[in-house]
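One structure below.
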Amino acid sequence: MKYAFFPGCSLESTAWDFDRSTRAVCGKLGIELVDIPDWVCCGSTPAHATSAALAVALPVMNLQKAQSLGLPVMTACASCYARLRTANYKVRTEPEDRRRAERITGGPYAGQTEVHHVLDVLVNHFGVRRIRAKVEQPLAGLRVACYYGCLLTRPPEVVAFDNPEHPIAMDDLLAAAGAEPVEWPYKTECCGASLAMTNAKAVGRLGYKLLTMARQAGAECLAVACPLCQMNLDLRQADAKANGDIPQTPVLYVTQLLGLALGLGRDELGIEALTVSADSLLAAKPGASS
Amino acid sequence: MTRTVLWGADDLLQEVQDRAGTPVGACFQCHKCTTGCPMGPEMDFLPSQIMRLVHLGAETEVLGSQAIWLCASCETCTARCPMGIDIAAVMDALRIMAIQRKVALSDTHGKHFNRSFLGSVRRHGRVFEAGMMAAYKLRTLDLLADVGKVPGMLAKGKLALLPHRSGSAKEVRDIFRRAAEEEREP
């Protein structure tokens, strides 16, 4: 298995731990990643809120680069994933969007390059059964709330590897890793995403709502697959607490938790980058304390 | 809330439908978008009210609303709309129209964030967080917001002091220029 990897801007800075753990997990499973040379920003929300042309052209520029590698694309950031998939959708369904993107990028692109999220690759391409067979240190007894956020499952006609209202890919993956995913109702509620910059108070309110519900459902930690979800719930957990008391709740990338189960070391997974430390939680779980 | 909205020209509905590529006119006010909107509590107009105001041609109210800048683009409304209206795309179209028409915005944070972010991408080909945050703070004068988080982020290696420049940064500048040319209003 081999993919053209699109890391995206967050994975170079605020989410370097997602980058490291994604590469480590893929390496351990024999999934080969080739970085897209000279990749550029997907444009994220500021592009689609500013210019419809730019919002398609920036992802297309990356998809053209991936096409020359002849590989499907894998990305870890949920926002990059949604922008690349949306650009493919527009190019495939709107001839005028395609022509405009080709004029702007100066090259042909018909939407041939497939784009997958790392969660999709692990669960649906590699397979949960094969992952279960590779678990060395089961996360026995770890009660985790799997938090998918918005862009992995919405809009369903663009992303669509899991159910938009009740996704289960991450739950299945972490159950295979020996953890105990809890049932909870806010799997796909929004954390506020980039509104953290423009309306931190609202993001604190949403963080409080999510963390409280995860705790009420019996979770000791959250698993996420998006750099913005992670930052808003971990780095900004103090802002969430301005709305009421919540116990310190570690928020880990799904690749960090899976990596521990696969026997990878904490430094290989960037566990030390968490703002709310997972050390005491993991120390209490014999399987996860490698 | 009592507020009188005068019937406006019906070309607002047509223009929003064209820009967003979605049938806003099909909205029958079921309020499903509003029920699921995570930002509803902060909004001056709820998503379903924005749809209705577009029907009514109430351009001043819609383009001047806070709601269009409070939308988190989470796409919950889009995924759930029984009429298949891409409400998140409508919010994008309204933000773009508000900027192009130089409407007096009731909340300029979103505009300044988008400019700071895209300015960083245009310069480096990728986002340089520290530079983007500095540009945003200068534009909004929210100088103290989040400064308490900076030492922790630096200690954890989560805030780079130098940009990671893409080898294709120069082409990105050309893409910004050509995208602007494509969208220049006649």
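The values are calculated or read from the model by the stated rules, or taken from the named source; none is laboratory data. On a predicted model such as this, the values are computed, not experimentally measured, just so you know. Glycine gets a Cβ as well: all are built from the backbone with ideal geometry, and neighbour counts include every protein chain shown.
In this structure, is B:K137 farther than 26 Å from A:A101 by Cβ, among the basic types (K, R) and facing another protein chain (nearest Cβ under 9 Å)?
no
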Give me the pairs: first residue in segment A:49-73 and assigned by TED's automatic domain parsing to the domain that holds A:V34 and in contact (Cβ under 8 Å) with a residue 12 or more places away in the chain, second residue β-branched (V, I, T) and assigned to a helix (DSSP H, G or I), beta-carbon distance under 6 Å, and six or more apart or on different chains, which are they? A:A57/A:I104; A:A57/A:T105; A:A57/B:I175; A:V60/A:T105; A:M61/A:T105
Of all residues in segment A:64-79, which are of a type in the set (A, V, I, L, M, F, W, C) and either surrounded by 24 or more Cβ atoms within 10 Å (Cβ to Cβ) or within 13 Å of chain B (Cβ to nearest Cβ) (or both)? A:A66, A:V73, A:M74, A:A76, A:C77, A:A78
Cβ-Cβ below 6 Å, separation at least six or inter-chain, first residue in segment B:54-71 and in a helix (DSSP H, G or I), second of a type in the set (G, A, S) and surrounded by fewer than 24 Cβ atoms within 10 Å (Cβ to Cβ): which pairs? B:E59/B:G8; B:L63/B:A98
Does A:L274 fit the bill of being aliphatic (A, V, I, L, M), out of contact with any Lys or Arg (no Cβ under 7 Å at 6 or more places or on another chain), without any contact (Cβ under 8 Å) to a residue 60 or more places away in the chain and farther than 15 Å from A:A140 by Cα? no
Mind checking which helices (runs of 4 or more DSSP H) fall wholly inside segment A:9-63 and carry at least 2 residues that are more than 9 Å from every other protein chain (Cβ to nearest Cβ), of a type outside the set (A, V, I, L, M, F, W, C) and touching a helix residue (DSSP H, G or I) at 6+ places or on another chain (Cβ under 8 Å)? A:16-29
Identify all residues within segment B:72-86 that are within 22 Å of A:S79 (Cα to Cα) and free of Cβ contacts under 8 Å to residues at least 60 places away in the same chain; write none if there are none. B:A72, B:S73, B:C74, B:E75, B:T76, B:C77, B:T78, B:A79, B:R80, B:C81
Scanning segment B:39-50 residue by residue, those in contact (Cβ under 8 Å) with a residue 12 or more places away in the chain and over 16 Å from the mean Cα position of the chain (by Cα) turn out to be B:S48, B:Q49
Any residue in segment B:49-56 that is in contact with a Ser or Thr (Cβ under 6 Å, 6 or more places away or on another chain) and not basic (K, R)? no
Pairs please, first residue from segment B:21-38 and outside any helix (DSSP H, G or I), second anywhere and exposed (fewer than 14 other Cβ atoms within 10 Å of the Cβ) and small (G, A, S), Cβ atoms under 8 Å, 6+ apart in sequence or on different chains. B:T22/B:G84; B:P23/B:G84
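Mind checking whether some residue in segment B:170-180 is in contact with a Pro (Cβ under 6 Å, 6 or more places away or on another chain) and closer than 29 Å to A:R154 by Cβ?
So far as segment B:170-180 goes, no, none of its residues is in contact with a Pro (Cβ under 6 Å, 6 or more places away or on another chain) and closer than 29 Å to A:R154 by Cβ.
Specify which of the listed residues (B:F176, B:F117, B:F113) is in contact with a Lys or Arg (Cβ under 9 Å, 6 or more places away or on another chain) and under 26 Å from A:N232 (Cβ atoms).
B:F113
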Taking segment B:154-170 as the search range and keeping residues that are more than 7 Å from every other protein chain (Cβ to nearest Cβ) and within 20 Å of A:C41 (Cβ to Cβ), which one is modelled with the lowest pLDDT? B:L161
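Here's a check for you: in segment A:80-116, which residue that is of a type in the set (A, V, I, L, M, F, W, C) and buried (at least 23 other Cβ atoms within 10 Å of the Cβ) is nearest to B:A88 (Cα to Cα)?
Out of the qualifying residues, it is A:A82.
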